[in-house]
Amino acid sequence: MSTANINDFKANIAGGGARANQFQVTLTNPLGVGLDASRASFLIKAASLPGQTITEVPVPFRGRTLYLAGDREFETWTTTVINETDFGLRNGFEQWLSGINDLETSQGVNDVSAYSTDILVTQLDRDNNALKTYTFINCWPTAVAAIDLSFDTVSEVEQFDVTWRYTHFSASSV
């Protein structure tokens with residue numbers, strides 16, 4: 001049995017390790033939404049790579065439980081957006097939600113393709129080359145979070161979260 005040492009550890013971290021701050025979110029605009037998708041790539045300051053779960057199906061048998069693989073479930077996905085003084089992205093997200101369910105009339109589009117889009121999250125290396133891309137398929141916002149206002153926050157830029165739902169994702173190595 002060999003003893004682990006720092007040089008062996010270093011040799012096994014390919015590329016110096018993936019960095020959590022090296023990513024890009026690419027948003028495509030659904031029809032009719034006035035959202036500047038190119039600005040979103042710069043102003044989405046936090047996201048995540050998707051998680052996934054295979055549920056379990058418990059089958060009782062003579063005092064014991066056998067667990068079988070069930071269906072795949074996809075978690076909601078959240079991005080954090082920096083707010084600009086023209087509220088460009090926030091207005092776009094609010095318009096998107098209104099297209100799904102209008103604030104006054106509660107009417108909206110019924111066709112999933114009319115209110116959903118694909119969103120890409122690309123993990124980058126330190127030279128901004130793509131390492132891996134996840135594509136969230138049929139993605140749409142379920143919530144645009146509140147922005148807290150306070151006289152106490154004198155040196156912070158506003159930000160807000162957007163929670164997304166999607167049907168599934170695909171992952172590709174680049």
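Of note:
- Filter result (aliphatic (A, V, I, L, M), surrounded by fewer than 16 Cβ atoms within 10 Å (Cβ to Cβ) and farther than 30 Å from L68 by Cβ) within the range 30-55: L31, A46
- Residue pairs meeting the criteria (Cβ under 7 Å; at least 6 apart or on separate chains; first at positive phi, in the range 147-174; second hydroxyl-bearing (S, T, Y) and loosely packed, with under 15 Cβ neighbours inside 10 Å): none
- Residues that are touching a strand residue (DSSP E or B) at 6+ places or on another chain (Cβ under 8 Å) and of a type in the set (S, T, N, Q) within the range 146-167 comprise Q159, T163, T167, listed in sequence order.
- Taking the criterion of being under 12 Å from the mean Cα position of the chain (by Cα) and of a type in the set (A, V, I, L, M), the residues of the range 1-57 that qualify are V25, L27, I44, A46, A47, L49.
- Test: E75 is farther than 22 Å from Y115 by Cβ, surrounded by 11 or more Cβ atoms within 10 Å (Cβ to Cβ) and out of contact with any Asp or Glu (no Cβ under 9 Å at 6 or more places or on another chain): no
- Test: residue in the range 2-15 that is at pLDDT 90 or above and either farther than 30 Å from L149 by Cβ or surrounded by 10 or more Cβ atoms within 10 Å (Cβ to Cβ) (or both): no
- For the range 31-56, filtered to residues that are in contact with a Gly (Cβ under 8 Å, 6 or more places away or on another chain) and not small (G, A, S), the residue that is farthest from W77 (Cα to Cα) is E56.
- Only one of the numbered conditions (1) under 19 Å from F169 (Cα atoms); (2) loosely packed, with under 10 Cβ neighbours inside 10 Å is not met by L27, and that is (2).
- Against the list (1) in a loop (DSSP other than H, G, I, E, B); (2) more than 27 Å from Y134 (Cβ to Cβ), the condition S98 fails is (1).
- Options T142, T122, T135, T117; residue that is in contact with an Asp or Glu (Cβ under 9 Å, 6 or more places away or on another chain), touching a residue at least 24 places away in the same chain (Cβ under 8 Å) and of a type outside the set (A, V, I, L, M): T135
- Where a residue in the range 91-108 is free of Cβ contacts under 8 Å to residues at least 40 places away in the same chain and its partner, wherever it lies, is surrounded by 11 or more Cβ atoms within 10 Å (Cβ to Cβ) and aromatic (F, W, Y), with Cβ under 8 Å and at least six apart: G108/Y115
- Conditions (1) without any contact (Cβ under 8 Å) to a residue 12 or more places away in the chain; (2) within 17 Å of D118 (Cβ to Cβ); (3) β-branched (V, I, T): number failed by T3: (2)
- Identity of the residue in the range 100-123, of a type outside the set (V, I, T) and touching a Pro at 6+ places or on another chain (Cβ under 8 Å), that ends up nearest to R165 (Cα to Cα): S116
- Residue match in the range 82-103 (condition: under 22 Å from the mean Cα position of the chain (by Cα) and of a type in the set (K, R)): yes
The values are calculated or read from the model by the stated rules, or taken from the named source; none is laboratory data. Model, not experiment: these values are computed from the prediction. Cβ sites come from the backbone with ideal geometry, for glycine too, and all protein chains shown count toward neighbours.
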